[in-house]
Each structure stands twice: as C-alpha cells, then as structure tokens.
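The values are calculated or read from the model by the stated rules, or taken from the named source; none is laboratory data. Please read these numbers as outputs of a predicted model, since none were measured by experiment. Note: ideal-geometry Cβ built from the backbone for every residue, glycine included; neighbour counts use all protein chains shown.
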C-alpha cells in the first residue's frame, strides 16, 4: 500500500514543511520513497489563479509495479497541467494503456498509475468508470483549478477528507490530517457513541469532528472553494443484483471463472507475493487459484497455543495438499504490552475486533520473509453469506413484511 495526502485552499497556503509533516505520518504505508508537489497559486489560467490560495500533494510509495524512480509520485502529464497522487492498483491498466496510446497519449513509465493521468486527460471525471482495481487518488487539474478525489467501488483503499471553509484537506489516514495546522483535534460525540455501542464507527463518520471518509464508489471535486460529490457506482444499481437463469453447475462454472480472473489480475507484480492461509474455505480457495497460475506460492498462517482456538493444523493440511511454501507462527497466550501498542498504533481508529492482533502478526511474518504483497480470503463471508447471523437476518426480515399489528401481537 501507499499513502497519499494533501490540501487545497482558496485563501490560505502552507509551505513545504506542512506537506512533509503530513507525509511523515504515512511512512509505514510507503517506505520506499517520498514525493510532494506544492504550488501557492492555483492553475496556469488567469481565470483560476489565486493570489493567496495553495495546493499541496504528498505521496509515500510502496513499489509494486515498475520499481524505477520514473514511477515515483506525484506524477504529472507532459505539460504539468495534471498532477496525480495515487494509492492502490489498477488491474486493467494494460488494456487502458493501449486505448490511450491509440488516442495519441505518450507513456513515460511502465506503472499502472500513469493510466490515471492520461485517462483523466482523455475522459475527465469519467476516468473512474473505466478503472478496474482498488484505489484512492487525487488529481490536480491545474488548468481548471480543480481537485478531484476518488475512491474505488467497494472502498478497499481508505480516503479521509476534512473540509474547512474554502479549504479541503485529504489523506489516506487521519494521522496525516492531524499533522496539518488547520486540523482541530476535537472528538465527535456521535462517533464515540457509535464506537462504544457498535465497536466501530460506521462510514462516513469518524471519531473526529469535521472529518469523514469519502464513501466507496464516490468521487469529490473541489473548485473555487466549493465541493460536490458524485456516487459513480453502487451495488444496488443496474443489473448488479437479480436472479440469473441457468443450472447450479453453470453458476458454479461462472463463479470459478470470475474468482479465477480476479485472483490472476492480482498476481501482476514486480515484487514477491504471498498469501495469508487460515485453513478456511475462503483463503484456501484463493491459494488454490494462485497455484493454478503460479507454481511457487508462499503462504503464511498464525496459530494459537490452545487447541480450542488453534486452526493452524487445517492451514498446514491445505498447504501440504496444494504444495505451497508454508510458514506459520504460534501465538502464545501472553500478549505483551509492547505488541498491543504496536497493533493499536497501526490502526487509524479503534475497532473492537480481536482478530486485528493475529492479522498484524501474520502481516509482520510475511514482511520478515520478504513478501511485499499478500492475498487473503477477506470478504468471502460477506459476499456469500458465510456468517450465521446473515441467515438469521434473512429469516427475521420476513417479519417486517407483516402488518405492524400482527408483529405487535406476536411480540406480546
């Protein structure tokens, strides 16, 4: 993962030290390099040039595709009228690159980031509709004095915004926002209530007043001190949902094709890849598909020194069956205060989920073994209703189709 941050304002400007401070809070997201863009007057056109306004873009890089310095960010087009900071990966960048080259665009790198720069030149805000991937990015259109922030369809990559008057701050993590002198460290009481009741803060809200998450499938545009947002994708729109005709076998073949295609796209990398393997259906399926496309697969798992909770034996069985290069770490019952401090420090906001500890440890285990990118089975239960509570909710939802007086009678 990388980290992005920045600010734009109608009537305020800040120096290099401000954007550098914001970037410093994102070092753990991008240890390979750092870059920034600063301009204290908006745009190259007299219509958008401001005497007191400023734009700053910051980036911390984790190199995955095109490891050369040429792929560093912020990235610009040929005449410097479009600037980009980007976190994520575009899986269809090769196809988009061909389309853009056919339309006369020249590419100076091999990275997927550059398709966003030229894609914005060609399609404007509509570039998000053509991207297949996980992403959060900011595009500064200097000619129009316009900043565009965008987030991928399901919100894999985070992006926080902090609007204040005619100024807008943005970052991959709240910690970077807090480094800006305009940011006010004030707890949002509604967010705190949600955390205490739900064990997390639902989007778009956060624990800090005035700070919110840009929603998945949404982009925001700032211009002349004003912002507007557009939801460019929603799972409930169009033909995303609905019954499909055909047999169970045909549906099974289609699921195999879709998940296989998804896994193969995520194996495009110039750095070593691995996978987190728990032994459950989701992660085992991902690893099995990785083996379909790659002979050498590294897998990692965390076990517990307690048979009641330990599932590492299942992970070992799957690893042996698939022939992966497997590494596991057994977590002792005693968790040190130092480890908890590390885990809490790695989280942008508190969340009441004890699985963050083994997730942090298995990530560290993979990193120590030279792995930069790891695939996991996260999201499988949500997509295929793997949790029992989903089935309970489905049964309970039938009751809401009954008249209120019937429900009241049943409750009595």
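A few remarks follow.
- The residue that is modelled with the lowest pLDDT, among those in segment 213-231 that are surrounded by fewer than 16 Cβ atoms within 10 Å (Cβ to Cβ) and farther than 16 Å from residue 160 by Cβ, is 224.
- Residues that are in contact with a helix residue (DSSP H, G or I) (Cβ under 6 Å, 6 or more places away or on another chain), over 17 Å from residue 29 (Cα atoms) and in contact (Cβ under 8 Å) with a residue 60 or more places away in the chain, drawn from segment 161-172: 169
- None of 158, 204, 216 is under 15 Å from the mean Cα position of the chain (by Cα) and free of Cβ contacts under 8 Å to residues at least 24 places away in the same chain except 204.
- Among the conditions (1) outside any strand (DSSP E or B); (2) in contact with a helix residue (DSSP H, G or I) (Cβ under 7 Å, 6 or more places away or on another chain), residue 150 misses just one, which is (1).
- The conditions of being surrounded by 12 or more Cβ atoms within 10 Å (Cβ to Cβ) and assigned to a loop (DSSP other than H, G, I, E, B) are not met by residue 352.
- Residue within segment 389-412 that is assigned to a helix (DSSP H, G or I) and either in contact with a strand residue (DSSP E or B) (Cβ under 6 Å, 6 or more places away or on another chain) or within 29 Å of residue 269 (Cβ to Cβ) (or both) present: no
- Among the candidates 120, 162, residue that is part of a strand (DSSP E or B), surrounded by fewer than 24 Cβ atoms within 10 Å (Cβ to Cβ) and on the phi < 0 side of the Ramachandran plot: 162
- Considering only residues in segment 261-293 that are within 20 Å of residue 385 (Cα to Cα) and free of Cβ contacts under 8 Å to residues at least 40 places away in the same chain, the one that is surrounded by the fewest Cβ atoms within 10 Å (Cβ to Cβ) turns out to be 262.
- Given (1) part of a loop (DSSP other than H, G, I, E, B); (2) out of contact with any strand residue (DSSP E or B) (no Cβ under 8 Å at 6 or more places or on another chain), number of the condition residue 210 does not satisfy: (2)
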